Amino acid sequence: MQEQFKKSNSLIYKSRVNCQGLSSILYFFLFIIFVLANSAKPQQPSTCVTCHLEEIDDDHTKLVEAYNDDVHAKRGVGCEDCHGGDPTAEEADEAMDEAAGYKGKPARHEIPAMCARCHADPSYMRGFNPNIPTDQYSKYLISGHGKRLTKSHDSKVAVCTSCHGTHGILAPNDPSSLVYSLNIPHTCSKCHSDSTYMAGRDIPTNQFALYAHSVHGEALLNRDDRAAPSCADCHGSHEARRPEPSGVANTCAQCHNYNRELFVASPHKAAHEKNNYPECEVCHGNHAITKTSDDMLISDSAGVCQKCHDAGSKGLLTAAAMKASIDSLKMMINTANSVVELARTYGMNSEEPEYQLRQAHNKLVQARALIHTFSSEKVTPATSEGIQLA
């Protein structure tokens, strides 16, 4: 019985081996058939590419070379998808025949709608990346650029290719892309800093120069700090336009949310709404925003409050009280820091005092933020705690 069991197991094992062998042979032949089928029908190169490379003009060669690195080319989008025509035709006349759908170079005003054929189609774009937004065209139509294009028929207004490029379009997260976060100010300035190009429009052309020397521009352009805002962060990208005065605080709140909450609860909020003032911009400016200082409260050189509030008014007295409170804390911190530094020089353990000084400095930061309440009663408690710590 045991012998018979062994023979049965042996037969089962041999059957499995034979089946596995047949499966391997079958897969091998299927693979050969697949390779032969594909090699029998080699993919025909686009005649758009071969013809443009044969042109003597270097511009044609550069055009093709640029497109080889284009994000569309890498995903199988061919010349014909934008320009129409037949990329399999051998003769130029046939390839660029209107009967084959050839459109040639699209007119400037046609470009947004042309790009939208794909980029506004969620079903189509899902085949590339389900997270790619498909609302760019609808946003563009309500932007300052889109409105000038559709309503004013402005031939110079920015379209998709103005910002993204043409045949060398790169992904936004590529450092070489025109719309990479560090490159956006330079891309916008191509038009907005050109006084000749912008002639006839009620828009200044010094925004980039102001921004470049601002606290935001210094961080982004000089220190490559991608957390710093560029043009698109405040104005929007495809929906770019001037912020409404009442929405400036919400725009700034993308980064400065705590200050915005304090401002909204302050008496200044109602006053700004009543007079249609651009909120944060009134005190801080827009493109030329500089590093804040305590002197902005009240001083001969940098004072902001006295621009609106008269001497002896409640507003200016409040500003003076807040500045005096903050100055007292700063003076106490400086004095305490000198003592701690001296103790450290003599080899004394200064760990605990240094910790307390850091806490005092945190109270100074808090008090400076509380300035946005425009209430000395809310600033003083923070400075008093800081003074006690120092």
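Give me the number: length gained by fully extending M348 to R126, i.e. 0.36 nm times residue separation minus the C-alpha to C-alpha distance, one decimal in nm. List each step's numbers first, then the result.
Values: separation 222, 0.36 × 222 = 79.92 nm, distance 6.58 nm.
Fully extending the segment from M348 to R126 adds 73.3 nm.
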- [ ] Calculate one ³J(HN,Hα) per residue across region 314-326 by plugging θ = phi - 60° into the Karplus curve 6.51 cos²θ - 1.76 cosθ + 1.60, and present them in order as whole Hz with x for glycine and proline.
- [x] 4, x, 6, 5, 5, 4, 5, 5, 5, 5, 4, 5, 5
TODO: Mind grabbing the accessible area of S155 for me, 1.4 Å probe, Å², rounded to tens?
DONE: 90
Task: Helix 351-370 vs. the chain, principal-axis angle (Cα, 0 to 90°, nearest 10) - done: 90
Task: Nearest-20 debye value, the chain charge dipole, Cβ charges on Lys, Arg, Asp, Glu - done: 1520
- [ ] Would you mind checking the tilt of helix 2-40 against the longest principal axis of the Cα atoms of the chain, expressed as 0 to 90 degrees and rounded to 10?
- [x] 80
Task: Radius of gyration and Dmax over the Cα atoms of region 147-273, both given in Å - done: 16.5, 53
TODO: Past 21 Å, Cα to Cα, is the threshold; run K139/K269; K269/K307; K190/K291; K291/K378 against it and keep the listed order.
DONE: K139/K269; K190/K291; K291/K378
Open item on the list: Suppose every Lys and Arg Cβ carries +1 and every Asp and Glu Cβ carries -1, with no other charges. What dipole size does region 267-370 come out with about its Cα centre, to the nearest 20 debye?
Closed with: 200
Open item on the list: Under 8 Å for C-alpha pairs, at least 6 residues apart: give me the relative contact order for region 248-345, rounded to a whole percent.
Closed with: 16
TODO: Please provide three numbers in whole Å: the alpha-carbon extents of region 192-331 along the principal axes, with the largest listed first.
DONE: 49, 36, 28
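Counting alpha carbon pairs within less than 8 Å and at least 6 residues apart, what relative contact order, in whole percent, applies to the chain?
On the way: 399 pairs, mean separation 36.0, N = 390.
About 9 percent, as a whole number.
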TODO: Choose one of M114, Y137, A100: the residue whose Cα lies farthest towards the positive end of the charge dipole of region 92-162 (beta-carbon charges +1 Lys, Arg; -1 Asp, Glu; about the Cα centre).
DONE: Y137
Task: Under 13 Å from the E261 label point (7 Å along Cα→beta-carbon), backbone N, region 362-390 - done: 370
Task: Convex hull volume per residue for region 52-105, taking Cα atoms only, in Å³ - done: 85
- [ ] Note the full-extension length gain between S195 and N362 as 0.36 nm times their separation in residues minus their Cα-Cα distance, in nm to one decimal.
- [x] 55.6 nm
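Could you compute the longest span of the chain free of GluC sites (Glu not before Pro) located in DSSP loops and having at most 13 other Cβ atoms within 10 Å, not counting the site residues?
Numbers: sites that count: E55, E90, E91.
By the stated rule (loop sites, at most 13 other Cβ atoms within 10 Å), 92-390.
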Open item on the list: Under the √(5λ) rule applied to the eigenvalues of the Cα gyration tensor, what semi-axes describe the equivalent ellipsoid of the chain? Give them in Å, descending.
Closed with: 61, 38, 19
Task: Dipole of the chain [Lys/Arg +1, Asp/Glu -1 at C-beta], most positive-end residue of Y355, T187, S246 - done: Y355
Task: Scattering curve values for region 42-135, log₁₀ I(q)/I(0), Debye with Cα scatterers, q = 0.11, 0.21, 0.24 Å⁻¹ - done: -0.38, -1.21, -1.35
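Report the extension gain between S155 and L182 in nm, rounded to one decimal, defined as 0.36 nm multiplied by the number of residues separating them, less their alpha carbon distance. Display every interim value, and only then the final one.
Details: separation 27, 0.36 × 27 = 9.72 nm, distance 2.78 nm.
Full-extension gain reported as 6.9 nm.
Quote the FRET efficiency, to the nearest 0.05, computed for K74 versus K291 with a Förster distance R0 of 56 Å and r equal to the Cβ-Cβ distance.
The pair K74/K291 has a calculated efficiency of 0.85.
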Task: Residue (of A382, L221, G236) at the positive-pole extreme of the chain, dipole from beta-carbon charges - done: A382
TODO: Determine the principal axes of the Cα atoms in region 69-200, then give the extent along each, sorted from largest to smallest and rounded to whole angstroms.
DONE: 46, 33, 26
Task: Cut-off of 10 Å, at most 10 other beta carbons, DSSP loop: longest stretch of the chain lacking such trypsin sites (Lys or Arg not before Pro) - done: 1-150
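The values are calculated or read from the model by the stated rules, or taken from the named source; none is laboratory data. Quick caveat, the model's predicted, so the values are computed rather than measured. Quick reminder, even Gly has a Cβ in these numbers, built from the backbone with ideal geometry, and neighbours come from all protein chains shown. What goes into the accessible areas is simple: the full protein's heavy atoms, side chains included, and nothing from ligands, DNA or RNA. Shrake-Rupley method; radii C 1.70, N 1.55, O 1.52, S 1.80 Å.
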